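Note sheet for the following structure.
The values are calculated or read from the model by the stated rules, or taken from the named source; none is laboratory data. Given the structure is predicted, the values throughout are model-derived calculations rather than measurements. Virtual Cβ from ideal backbone geometry, glycine too; neighbours counted across all protein chains shown.
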Amino acid sequence: MDKVGIKKNTVLDIFDKFFKIEERGSTIKTEIMGGITTFLTMAYIVFVNPEVLSATGMDKGALITVTCLATAIGTGIAAFWANAPFALAPGMGLNAFFTYTLVLGQGVPWEDALGVVFLSGLFFLIMTLGGIREKIANAIPTVVSTAATSGIGLFIAFIGLKNMGVIVSNSATFVGLGAFSLPTVLGLLGLCIMVICEVRKINGGILISIAVTTVLGMFFGIVDTPASIISMPPSINPIFMKINILGALKISLIGSIFSFMFIDLFDSLGFMMACYKNMGLVQGDEGSKGLKRMLQVDVSSTLIGAVLGTSTVTSFAESAAGIAAGARTGLASVVTSMLFLLALLFTPIVGIVPGYASAPALVLVGVFMFKSIAKIDFYDIKVAAPAFLTIVMMPLTYSISIGLSFGFVGYIVTHIAAGEIKQINTTLWVIGMLSVINLVL
């Protein structure tokens with residue numbers, strides 16, 4: 001008994017020392033529960049990401065496997081390299097940009113689009129190592145980066161409503177209200193379930209909604225029953241290493257590369273700083289070192305994800321749920337990573353989830369992103385005009401990069417008109433020039 005006790009304590013001591021659990025005021029039990037909480041709040045990505053990316057013609061089965069693998073790998077790197085309770089997965093909004101702007105909007109082959117993702121990660125890495133990241137971060141107007149988050153939220157909510165059949169094309173008014181078919185009604189029911197869970201603060205609301213509406217679809221005969229519950233995951237061969245970097249080296253794709261890099265940079269940086277502050281680690285060497293390492297994790301995960309065959313892998317805001325549950329170290333990320341690997345065995349269930357069941361998740365995530373609009377001062381026209389253009393042009397042009405380009409150009413024009421040219425630094429002038437090129441091309 002004593003030997004067993006000594007061995008057990010030794011193992012616990014190793015965990016505690018490596019992850020600094022006690023030092024950060026946490027316990028192994030708390031870290032495990034935090035990791036499970038994060039998994040439950042973001043497990044929907046296993047259903048939603050393949051649904052979004054498969055619209056490009058990519059194999060859905062392979063995408064399910066790659067989504068789980070990319071998430072498990074990125075989250076695992078965060079655990080051991082940065083000792084952070086952050087989970088990484090293919091980013092919402094970025095996957096929409098990949099599918100609806102690049103591939104379907106501009107006609108870029110998905111292999112080339114993966115090359116765009118890889119190059120955006122590569123340039124992000126160069127900036128991180130060369131200290132350029134800070135210069136660009138300081139050069140981008142806060143109003144544009146804030147408006148971009150709101151605009152992306154509006155854009156992906158629009159896509160979600162479209163995939164649910166709530167919004168349809170109309171020759172007279174461009175868009176209109178769709179018919180209330182059974183899939184549309186079930187989709188709206190799913191959205192209601194998600195909102196109710198959020199109001200009641202029930203973890204895993206998106207996952208619960210997807211499960212309920214899929215089961216109802218089987219009951220009404222519009223969803224096939226899975227042949228099995230557990231099986232080996234689908235092969236990733238249809239999309240693995242199909243990346244075409246040379247195909248992405250085009251002048252017309254410079255704006256897209258920059259947009260991927262910009263969105264990932266500011267979303268990740270803002271989220272990480274907020275979480276480190278919440279954990280009490282924003283000050284001092286540990287916080288600074290942790291933040292720097294997490295940016296490196298973010299970049300490396302994007303590069304790995306592109307090679308595997310998915311859009312930008314980035315830090316997930318749902319990690320905040322695990323942190324709120326008490327997670328403070330990388331042990332929570334180890335738990336989250338292992339659960340995503342376990343999810344690979346349940347791909348038959350994931351594969352039958354219909355579009356109407358996963359589409360409400362796009363709407364709800366869009367709501368979460370859109371609320372950042374409250375930070376924008378719309379009483380100042382110099383702020384209001386570029387912010388409004390950034391937000392509204394994303395859904396209207398079905399393009400995130402075009403919205404960003406209008407925002408940057410609008411900011412420069414309004415500040416020139418106000419005689420505040422000094423607020424436009426050299427880096428912003430370059431970004432403005434690239435934005436004009438993006439709009440012209």
| said: Being over 26 Å from ILE373 (Cα atoms) and buried (at least 16 other Cβ atoms within 10 Å of the Cβ) is the filter here; which residues of segment 151-178 pass it? | reply: GLY165, GLY178
| ILE152 fails exactly one of the following numbered conditions: (1) of a type in the set (A, V, I, L, M); (2) touching a residue at least 40 places away in the same chain (Cβ under 8 Å); (3) outside any helix (DSSP H, G or I); (4) within 24 Å of ALA359 (Cα to Cα). What is the number of that condition? | (3)
| request: Examine segment 195-204 for a residue that is at pLDDT below 85, buried (at least 16 other Cβ atoms within 10 Å of the Cβ) and of a type outside the set (Lys, Arg), and state whether such a residue exists. | output: yes
| query | Quick one: what pairs do we get from segment 90-103, first residue small (Gly, Ala, Ser), second surrounded by fewer than 24 Cβ atoms within 10 Å (Cβ to Cβ) and assigned to a helix (DSSP H, G or I), C-beta under 6 Å, 6+ apart or different chains? | reply | ALA96/ILE159
| query | Quick check, is GLY93 at positive phi and buried (at least 24 other Cβ atoms within 10 Å of the Cβ)? | reply | yes
| Just wondering, is there one or more residues in segment 338-348 that are part of a helix (DSSP H, G or I), more than 22 Å from the chain's Cα centre (by Cα), closer than 30 Å to ALA227 by Cβ and at pLDDT below 90? | yes
| task | For GLY351, state whether it is at pLDDT below 90 and in contact with a Lys or Arg (Cβ under 8 Å, 6 or more places away or on another chain). | result | yes
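Restricting segment 372-398 to residues that are within 30 Å of LEU207 (Cβ to Cβ) and in contact (Cβ under 8 Å) with a residue 12 or more places away in the chain, which is farthest from the chain's Cα centre (by Cα)?
The residue in question is LYS375.
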| How do the helices (runs of 4 or more DSSP H) wholly within segment 11-115 filter down when requiring 1 or more residues that are closer than 24 Å to MET241 by Cβ, acidic (Asp, Glu) and at pLDDT 85 or above: which remain? | 45-53
| field | Whichever residue in segment 390-409 is among the aliphatic types (A, V, I, L, M) and surrounded by fewer than 24 Cβ atoms within 10 Å (Cβ to Cβ) and, among such residues, is farthest from GLY160 (Cα to Cα) | value | VAL409
| message | One residue is enough: does segment 366-374 have a residue meeting the conditions surrounded by fewer than 24 Cβ atoms within 10 Å (Cβ to Cβ), touching a Leu at 6+ places or on another chain (Cβ under 8 Å) and among the aromatic types (Phe, Trp, Tyr)? | response | yes
